[in-house]
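Asks: Please read through the structure below; I'll follow up with questions.
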């Protein structure tokens, strides 16, 4: 039995199903991200686990106990909010002691635990400050500390890093994961930022339209997207369209001015519309030479812009069918704008999906 | 230079306005209170006779104590009623919130005298309430006929809209999600109210309380029309000095005492309440 189970959970607002028959199981030591665009229902799902929303249908189980109708204060969960939601009339110390006071722990133990959290989150010296006297990063640490101090059964994090700047965010990503590993409790992390989800999670649930599109290990989500939506949403990809044709272990997609070969896809009847996704970093470049014959999984292009990203460069390429982006490490040969190149990729790096039914 | 002009204007004009129309009259009251009046003439002669009268004649002390009790009771009732009303508007008002709050101000569209007289018609011996009771063969409710209870009902009716509005505004400013945070961290709904909602709205509640308490202290109309023979309140007695009895200097001294009592109460409350603990963040960082 999994540590946390969602069993056919749905939530209806008016005529809209914000969460639609979600079933998932989370293990005790897992870091799970709910990744999805805004309005996908991921926050509602988190609030259902927290007990701040009651599901219209379905059950929520935490540590073997059915908590579906238990109010939040009796679930033993904790949460870190996007807007921090520290108590503005309480000092840092009092904010951290709050969950412990609610647990009615003896004074000595409260002091001990708050000390522990102040230590692991590098908050010593700020105990007497009020939240409005702290920087954004410090407020975030207090919010995280308040989440950890009561040793909850599960920590729920609702886009906790969205309000921090990039550098601080990356620092906190490492730190959050570190604490999760040390405490050995599940973290459920809601975000629309794929980088955050990829950097911290064991498994990622991609949420779309209130449903779980896929729930799998982060490498699977990234390397082997199960749906076109995931291919588009996770990582940065180039999309090609055409008609499918199968032959042996290869499915071939013929589009305008391009032939793409991909591993066999059983769900694509010959002649059906299909879309191929190739991640930016999977596209390689070589200088064009006169007499290049057209080949599968390759196209002739001209470099339009070069965007420097530090360790790697992004090449915006113009070709007969529009624009694609290739990102290459700086250690490779560099090209300058205006150069004619051949962009090519491996058959195994192509993700193919049916495009029938798409507008 | 230009940058200095704007704040000077913004702060200077209201200051000048306040000095001219508030501080100066107050000072003139202070001066008048140490003069005396004799058969409708002011005699400019320093003496503390007025204060001596106020301290020694029992009636004035009775009026003052009665007024303090009345103002306390009325303000407590108003606050106790206003909280659930304002909270309900916030929770269930939806897009009619503003309309509902404004609805409370409808009685203000008529004059205060009119409202009190209407209430007199409702509570009096031949009023609607007792009229119905007597028509049904029951005894009339004496407790609401020209008594301090009637005065209190009138004052609650007069000032409830103000208290509701102030507490409503306080709750509107209050981030309801902090209640969610408290619940997540183990507080029951009642505990969340005590730990978060109440302290973070205490400042607004005190302002609402004060905006009821202070006018109640100097109320004149409600006791006059509803209070009956034993219902004289301090403010009413004070108004009489400036009217029928023509003892303006004594009235001025009563005004000074009232002002001093009000200031004293505000100071006590300010000393008791730590603004920080009400989430007041006007101190800035540091």
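Asks: Taking chain A as a Gaussian network, Cα atoms linked when under 10 Å apart, which of A:72, A:266, A:131 shows the biggest mean-square fluctuation?
Replies: A:266
Asks: Let me ask you something else. Within segment A:322-359, what residues put their amide N at less than 16 Å from the label point 7 Å along the Cα-to-Cβ vector of residue A:316?
Replies: A:322-328, A:336-339
Asks: Right, next: Compute a Gaussian network model of chain B, connecting alpha carbons closer than 10 Å, and tell me which residue from B:239, B:181, B:71 fluctuates the most.
Replies: The residue that fluctuates most here is B:181.
Asks: Going by Cα centres, segment B:158-200 and segment A:98-165 are how many Å apart?
Replies: 23 Å
Asks: Residue A:151 to residue A:217: extension gain in nm, 0.36 nm per residue of separation minus the Cα-Cα distance?
Replies: That pair, residue A:151 and residue A:217, stretches by 21.2 nm at full extension.
Asks: Please compute the contact order of chain A in relative form: average sequence separation of alpha-carbon pairs under 8 Å and at least six residues apart, divided by the residue count, as a percent.
Replies: 15 percent
Asks: Kindly express, to the nearest 10 degrees and within the range 0 to 90, the angle between helix A:92-102's C-alpha long axis and the longest C-alpha principal axis of chain A.
Replies: The angle comes out at about 70 degrees.
Asks: Label residue B:134 and residue A:333 with points 7 Å out from Cα along Cα→Cβ: what is the distance between them in nm?
Replies: Here the modelled spin labels are 11.2 nm apart.
Asks: Can I ask one more? Kindly express, to the nearest 10 degrees and within the range 0 to 90, the angle between helix A:107-120's C-alpha long axis and the longest C-alpha principal axis of chain A.
Replies: That works out to roughly 30 degrees.
Asks: Let me ask something else. So what is the relative contact order for chain B, in percent, with contacts set as C-alpha pairs under 8 Å and at least six apart?
Replies: 28 percent
Asks: Within segment A:318-359, list the residues whose amide N lies under 20 Å from a label point set 7 Å along Cα→Cβ of residue A:308.
Replies: A:326-339
Asks: As I understand it, the value is the acute angle between the Cα axis of helix A:136-149 and the longest principal axis of the Cα atoms of chain A; what does it come to in degrees, rounded to 10?
Replies: Approximately 60 degrees, to the nearest 10.
Asks: Now a separate question. Using a Gaussian network for chain A with springs between C-alpha atoms less than 10 Å apart, which of these wobbles most: A:41, A:322, A:271?
Replies: A:322
Asks: Okay, next question. Quantify how strongly other chains surround peptide A:93-105 by giving the mean number of their Cβ atoms within 10 Å of each of its Cβ atoms.
Replies: Going residue by residue through A:93-105 and averaging, the value is 3.
Asks: Assuming 0.36 nm per residue, please report the length gained on full extension of the stretch residue A:103 to residue A:127 beyond their Cα-Cα distance.
Replies: Length gained, residue A:103 through residue A:127: 6.6 nm.
Asks: In whole Å, what is the distance between the alpha-carbon centres of segment B:1-32 and segment B:102-150?
Replies: One Cα centre to the other: 42 Å.
Asks: Turning to a different aspect of this structure: What does the extension gain come out to for residue B:40 and residue B:91, with contour length at 0.36 nm per residue minus their alpha carbon separation?
Replies: Answer, rounded to one decimal: 12.6 nm.
Asks: Okay, next question. Starting from the 7 Å offset along Cα-to-Cβ, what nm value, one decimal, do you get for the label separation of residue A:174 and residue A:74?
Replies: 4.4 nm
Asks: Semi-axes of the equivalent ellipsoid of chain A: what are they in whole Å, largest first, if each equals the square root of 5 times a C-alpha gyration tensor eigenvalue?
Replies: Here the semi-axes work out to 46, 26, 15 Å.
Asks: Okay, moving on. State, to one decimal in nm, how far the label point of residue B:198 lies from the label point of residue B:65, with both points 7 Å from Cα in the Cβ direction.
Replies: Each label point is offset 7 Å from its Cα along the Cβ direction, giving 3.1 nm.
Asks: Take the Cβ-Cβ distance between residue B:207 and residue A:293 as r, set R0 to 60 Å, and report the resulting FRET efficiency rounded to the nearest 0.05.
Replies: 0.15
Asks: Let me have the 222 nm mean residue ellipticity of the protein assembly as shown computed from DSSP H runs of 4+ only, each contributing -39500 (n - 2.57), with the sum over all residues rounded to the nearest 500.
Replies: So the calculated ellipticity at 222 nm is -13500 deg cm²/dmol.
Asks: Also, I was wondering about something else. Suppose a student asked you for the relative contact order of segment A:282-326, using Cα pairs under 8 Å spaced at least 6 residues apart; what percent would you report?
Replies: That works out to 31 percent.
Bear in mind these aren't lab numbers, they're just calculated from the coordinates by the rules spelled out. Just so we're clear, the structure is a prediction, and the values are computed from it rather than from any experiment. Please note: Cβ atoms are built from the backbone with ideal geometry, for glycine as well, and neighbour counts cover all protein chains shown.
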